[in-house]
Amino acid sequence: MTEIPEHLLKRAQAAREKAAAESDAPADAGAGDSRIPDHLLERSKAARASGDGAVAVADKAAAVVASAPAGSVPVGAGPGGHTQRLLTVVKSGSIQETKAAPVDKVHTWPHLLAVEFVAALACTAFLFVFSWVVNAPLLHAADFNKTPNPSKAPWYFLGLQELLTMFHPMIAGVTLPGMGLVALILAPYVDRNTSNKPEDRKWMTSMMTLFLMFWAVLVIIGSFFRGPGFNFTFPWRDGIFFEL
């Protein structure tokens, strides 16, 4: 068992004497101060008599640092006789973060315009090769006495022509397209999400997907499943009545 250093014994003795002096000081001050009510003085005396209050606190504080007889460990000491402990070690640093937050934005030129220019060149080259390979001659002059059967609109208008077979011309040609245009106008005001990620725009992505699927189905039906008289046919049975 290690001996307690002399300076620690002196410090413990000084702490006990200071605690004893502080426990007696409030009683003397209270007795000479006439501003303290009598019932508070009586309560203070009762607390000192019962061992509570400042006296008990002082005794406990002194007991923690009190030393045991020579050759033993102080009361309240930890492993190895140590009366101090380390709570934690923190890395020193600045409280404010001085590093700028990264921004996921780039300049329009050259990052965006360069890609768009290359895409435009690729589309132009594809159209040039396609028009060179595919033969698409002009038909004979129109004859109002001989109407082609079936008479189909260009493929990008076949969706509207297909709607005419299902609804009244006022509904298929005016009401439904008008509602679509109004929906496109109101879309920026309905969805105010500024994110450019599809997973953050689920509602608008779903609406656009439904619209494209609906229109694609109408175009496919009008192109491959409509025969003479614009009647419904099966292309694998009656053939395909479609021209580019």
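Values quoted throughout were computed directly from the atomic coordinates according to the rules given, and no laboratory measurement underlies them. Because the structure is a prediction, the values reported are computed rather than measured. Here Cβ is always computed from backbone atoms with ideal geometry, including for glycine, and neighbour counts include all displayed protein chains.
Annotation for the range 185-202 versus the range 115-178: alpha-carbon center distance of 31 Å.
About the centre of its Cα atoms, the range 149-244 shows a dipole size close to 100 debye [charges on the beta carbon of Lys, Arg (+1) and Asp, Glu (-1) only; nearest 20 debye]. From least to most packed, judged by other beta carbons within 10 angstrom and beginning with the fewest, E6, E162 follow the order E6, E162. Qualifying trypsin sites (Lys or Arg not before Pro) in the range 166-236, where qualification requires a DSSP coil assignment and no more than 13 other C-beta atoms within 10 Å, comprise R192.
Give the residues of the range 164-204 whose amide nitrogen is closer than 19 Å to a point set 7 Å from the Cα of L113 in the direction of its Cβ. Answer for the range 164-204: none.
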